[in-house]
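These notes concern the structure reproduced below.
The values are calculated or read from the model by the stated rules, or taken from the named source; none is laboratory data. Fair warning: this is a prediction, and the values are worked out from it, not measured in the lab. Virtual Cβ from ideal backbone geometry, glycine too; neighbours counted across all protein chains shown. These accessible areas exclude ligands, DNA and RNA; they are computed on the full protein's heavy atoms, side chains included. Shrake-Rupley method; radii C 1.70, N 1.55, O 1.52, S 1.80 Å.
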Amino acid sequence: MSSLVKCPHCGLRPKEEFTVRGEVATPRPDAGAEEAVWFDHVYLRDNPRGEHREYWHHSGGCRRWLVLSRNTLTHETSEVVDASTLKTGGAA
Amino acid sequence: MRDYPLNNRCAFPHPDASGAGASINLAPVKDGFVFHVLGDAKSDEAALRQALAKVAPELGDDVRKSSPGQWFWVGSIAVSDVRLAEIQAALTDTFALVDQTHGRLRMVLSGPSSRTVLAKGTMVDLSTDLFAIGQSAMSQIGHIGAMITRVEDDSFELIVLRSFAGSLWDELQHMAAEFLTG
Ligand SMILES: [Zn+2]
């Protein structure tokens, strides 16, 4: 993994300050969605070769949840944003 | 608000036995207060300073940002429960205060070698041109979470959770060993 992550609040910090939660899942399905759709959302994860979006928690710094784009092949991180910016009006 | 009175007791076994050397000194900050200030998503530091100057001018406005909408407000004089309640009441609509005086300790590492000593434990760049006087960073020293603030030219104040203060104190003594005399 790249050893420095650019937190939008704290600046460049070592990865040791962060806790990785994993893939940013697809938007939450409707409550009444089919079982297969829910199963996919809860359990099935892609394991992409290349760009990957992940939740990272800046546990050793500002303690904000971030969304980070990481290339699983080169371990380069590109965009890092606060997770609150993902909130959209329509999504439940 | 507190349900029972708190004793402000120093967390260090030998608080005056700071590692004094020609180029390094470590000392606890024994008096004063640490308040955690929480604002909403839209709150900003200028508004906070303005509010504090109006509500509690005697306590100063030394606020250190820890996260978006969150600060540590520190000062050198003791604040009574009654006074704290008054301040909170005056700030109600905008900022919430949590007294952390008992929970977070301050210590000051100073001297020409202080930057070198801290660099052994933190990965924040403390160079004079990047980390200005008054600037703060919430980070880690080794594995211990700490807020580092540059208070003077070669002087850094560390805010650490009380239960980790003893460990950090010991660790800093080790980190500074090469600069200690006698
Ligand atoms: Zn951060």
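Candidates in the stretch B:42-94 are the residues that are part of a loop (DSSP other than H, G, I, E, B) and within 16 Å of the ligand (Cβ to nearest atom); of these, the one that is most open to solvent (accessible area, probe 1.4 Å) is B:Pro68. Evaluation of B:Thr92 against the conditions (1) free of Cβ contacts under 8 Å to residues at least 12 places away in the same chain; (2) under 30 Å from B:His143 (Cβ atoms) shows that the sole unmet condition is (2).
Out of A:Ser78, A:Ser3, A:Ser84, I need the residue that is more than 14 Å from the ligand (Cβ to nearest atom), within 14 Å of chain B (Cβ to nearest Cβ) and within 30 Å of B:Thr149 (Cα to Cα). Which one? The conditions single out A:Ser3. Report, by residue number, each residue of the stretch B:126-160 that is open to solvent by 20 Å² or more (accessible area, probe 1.4 Å), out of contact with any helix residue (DSSP H, G or I) (no Cβ under 9 Å at 6 or more places or on another chain) and not hydroxyl-bearing (Ser, Thr, Tyr). Result: B:Asp129, B:Leu130, B:Ala132, B:Ile133, B:Gly134, B:Gln135, B:Met138, B:Val151, B:Glu152, B:Asp153. Of the residues examined, A:Leu68 is not one that is within 16 Å of the ligand (Cβ to nearest atom), within 12 Å of chain B (Cβ to nearest Cβ) and either part of a strand (DSSP E or B) or among the polar types (S, T, N, Q) (or both). Across the stretch B:138-145, a minimum of one residue is classified as touching an Asp or Glu at 6+ places or on another chain (Cβ under 9 Å) and either more than 13 Å from every other protein chain (Cβ to nearest Cβ) or in a loop (DSSP other than H, G, I, E, B) (or both).
I'm trying to understand the selection: among the residues of the stretch B:67-78, which are modelled with pLDDT of 95 or more and either touching a helix residue (DSSP H, G or I) at 6+ places or on another chain (Cβ under 8 Å) or within 12 Å of B:Val34 (Cβ to Cβ) (or both)? B:Trp71, B:Phe72, B:Trp73, B:Val74, B:Gly75, listed by residue number.
The selection criterion, being closer than 20 Å to A:Gly60 by Cβ and in contact (Cβ under 8 Å) with a residue 12 or more places away in the chain, does not hold for B:Ile133. Figure legend. Inter-residue proximity from the stretch B:96-123: first residues within 14 Å of another protein chain (Cβ to nearest Cβ), second residues open to solvent by 50 Å² or more (accessible area, probe 1.4 Å), beta-carbon distance below 8 Å, spacing 6+ or different chains. Indicated pairs: B:Gly121/B:Glu171; B:Met123/A:Glu16. Counting only residues that are hydroxyl-bearing (Ser, Thr, Tyr) and over 10 Å from the mean Cα position of the chain (by Cα), which one in the stretch A:37-65 is nearest to the other protein chains (Cβ to nearest Cβ)? Top of the filtered list is A:Ser59.
The C-beta contact set for the stretch B:32-56 (first residue within 13 Å of B:Thr94 (Cα to Cα), second residue in a helix (DSSP H, G or I) and among the β-branched types (Val, Ile, Thr), distance under 6 angstrom, 6+ apart or interchain) comprises B:Val55/B:Ile87.
Consider A:Gly22 carefully, then state whether it is free of Cβ contacts under 8 Å to residues at least 60 places away in the same chain and not in a strand (DSSP E or B). The answer is no for A:Gly22. When residues in the stretch B:22-79 are screened for being hydroxyl-bearing (Ser, Thr, Tyr), closer than 24 Å to B:Gly166 by Cα and more than 14 Å from the chain's Cα centre (by Cα), 1 of them pass.
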